[in-house]
């Protein structure tokens, strides 16, 4: 399913909004997001890839959130709420760390500010502002109503897993749900307000990005969390027992990186049930993502061919089994409902010929990570000279070390091979790797923003399986004008932006 967006040579960076500078404990959709778009434009970069934008879950991971449709409340900027007259400016004073997100401190503080802003909205909103909120809620009703009730019940029941709620609510008895909506009406209205503000702010940022020739690349995890509005509202779509608990969970089998594999814990889909209505839930999910992003990276693409099913009572991923996924049928349903799809397939890890065949048949570009390319010889598929145009090349992803951190941890073979291939040493290895990706035939080329700045392993965003990640932020005084000029020259020279636009 070719798409004109993905047929053009482009370059960009990977940076989650929480990593942006800003005064309120974490990056958000406020002024610094606009400054970052300005920087991308000055550097000739036309892609900004984020991590999933939904609410974070256990371990503060954006890949295990409470909704596949909602936005992360932590990303709602406070400045527009102050400007609207709903939030007192002096209530935003704080002393948070500017270079790390201290989630245990920042999350409750920001949520309290949002509650104060909601109270201000209730007291002082104009008729047109109230109408705007009501109209947006009506448009998003199909997912929003269940989400806000889930969040209200989650707070009321002390964050217990939803199968432990009173049985009529856990089993979604219609009378119990109606009573709950009435009992928790104000709490539901609060969550509606938060999601309305997230969407208003995101859409304004998206328009600004488009005005500056920057496209937004979203990230869609294949699975959802068990404790989520999605699983609670449609339990028939998941492999659950009579009490609502997962019978099997997702993960990956043992491999070179882990002798016990990875037990992610997400509930598995009933693909046969989803097929009966033309994968309507997936159509709605992708439609929502396309309203937020111009291009979607789908995580764990191989799971659509076959996925590793682990019995829920197994503590590790060792004793799982491969089960068939929906294959091309899902993507055909998506294309029929939504048209040609700008999708990038995350096809990393152990990929079978069937996975490659599906990706090729759908016309989707795959991913190549250059940090993986130097462990073998010149035939390694992740080396730039082996790419095909239908490729998205990354120096590294959010799950990888920074290039400087990778270089410091290389074995002798990797370092020697990379030194010859990239013609570099440790001082400029990040620029050498960016240049190799940018000059390749891959139509899209991206790097972590940490690699633009040449930062070491202390600035890594995530280490899979390690707690305490996702906290990294940068400071604008690390970003001098020479970095944008160097990137602009490289991006123009590699045909990823016009020389005329960059004044070169």
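What the table shows:
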{"item": "Cα Rg, Dmax (largest Cα-Cα span) when computed across the range 341-455, Å", "result": "14.0, 42"}
{"item": "Kirkwood hydrodynamic radius (C-alpha pairs) into Stokes-Einstein, the range 156-218, 10 °C and 1.306 mPa s, D in µm²/s", "result": "108 µm²/s"}
{"item": "Whole-Å distance, taken between Cα centres, linking the range 430-459 and the range 5-26", "result": "14 Å"}
{"item": "Spin-label model distance (nm) - residue 8 vs residue 482, 7 Å beyond Cα toward Cβ", "result": "3.2 nm"}
{"item": "Three principal axis lengths of the range 341-387 [C-alpha, angstrom, descending]", "result": "33, 21, 16"}
{"item": "Relative packing of 212-218, 192-198, 295-301, which averages over residues the other C-beta atoms within 10 Å, highest first", "result": "192-198, 295-301, 212-218"}
{"item": "Largest-first principal axis extents of the Cα set of the range 54-96 (Å)", "result": "33, 25, 9"}
{"item": "Peptide ranges 222-228, 152-158, 133-139 listed from the most packed, as the mean C-beta count within 10 angstrom indicates", "result": "222-228, 152-158, 133-139"}
{"item": "Relative compactness, the range 284-374, computed as alpha-carbon Rg over 2.2 N^0.38 Å", "result": "1.22"}
{"item": "For the range 323-407, Kirkwood radius (reciprocal of mean inverse C-alpha pair distance, Å)", "result": "14.6 Å"}
{"item": "Residue order, fewest to most beta carbons within 10 Å, for 18, 316, 352", "result": "352, 316, 18"}
{"item": "All-pairs alpha carbon distance profile, the range 139-179, 5 Å steps from 0, percent", "result": "6, 22, 30, 27, 11, 3, 0"}
{"item": "Principal axis dimensions, largest first and in whole angstrom, of the range 383-504 by Cα", "result": "45, 35, 28"}
{"item": "Projected label distance in nm at residue 357 and residue 90, using a 7 Å step from Cα toward the beta-carbon", "result": "7.0 nm"}
{"item": "Distribution of pairwise C-alpha distances over the range 41-131, 5 Å bins, in %", "result": "3, 11, 17, 18, 17, 16, 12, 5, 1"}
{"item": "Value of Rg/Rh across the range 276-428 [Cα atoms, Kirkwood radius]", "result": "1.03"}
{"item": "Kirkwood hydrodynamic radius (C-alpha pairs) into Stokes-Einstein, the chain, 25 °C and 0.890 mPa s, D in µm²/s", "result": "103 µm²/s"}
{"item": "Semi-axes of the equivalent ellipsoid for the range 99-203, Cα gyration tensor, largest first, Å", "result": "24, 20, 12"}
{"item": "Relative packing of peptides 280-293, 49-62 - highest average C-beta neighbours within 10 Å first", "result": "49-62, 280-293"}
{"item": "Base-10 log of normalised Debye intensity for the range 381-425 (one unit scatterer per alpha-carbon) at q = 0.25, 0.32 Å⁻¹", "result": "-1.07, -1.19"}
{"item": "Inter-centroid distance (Cα atoms) of the range 223-289 relative to the range 164-199, Å", "result": "22 Å"}
{"item": "Estimated translational D of the range 309-353 in µm²/s (Stokes, Kirkwood radius over Cα pairs; 20 °C; 1.002 mPa s)", "result": "157 µm²/s"}
{"item": "Spherically averaged projected area of the range 157-279 from its Cα convex hull (nm²)", "result": "11.9 nm²"}
{"item": "Cα-based Kirkwood hydrodynamic radius, the range 209-357, one decimal, Å", "result": "16.4 Å"}
{"item": "42, 440, 26, 128 arranged by Cβ crowding within 10 Å, fewest neighbours leading", "result": "128, 42, 440, 26"}
{"item": "Computed helical MRE - 222 nm, the chain, DSSP H runs ≥ 4 contributing -39500 (n - 2.57), nearest 500", "result": "-12000 deg cm²/dmol"}
{"item": "Alpha-carbon gyration tensor eigenvalues x 5, square-rooted, for the range 205-266, Å", "result": "33, 22, 7"}
{"item": "Cα-based equivalent ellipsoid of the range 1-91: semi-axis lengths in Å, sorted from largest, via gyration tensor", "result": "27, 19, 12"}
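Taken together, the values in this text are just the output of simple stated rules run on the coordinates, not laboratory data. What you are looking at is a predicted structure, and each value in this text was computed from that prediction instead of being measured. Cβ: placed from backbone, ideal geometry, glycine included. Neighbour counts: every protein chain shown.
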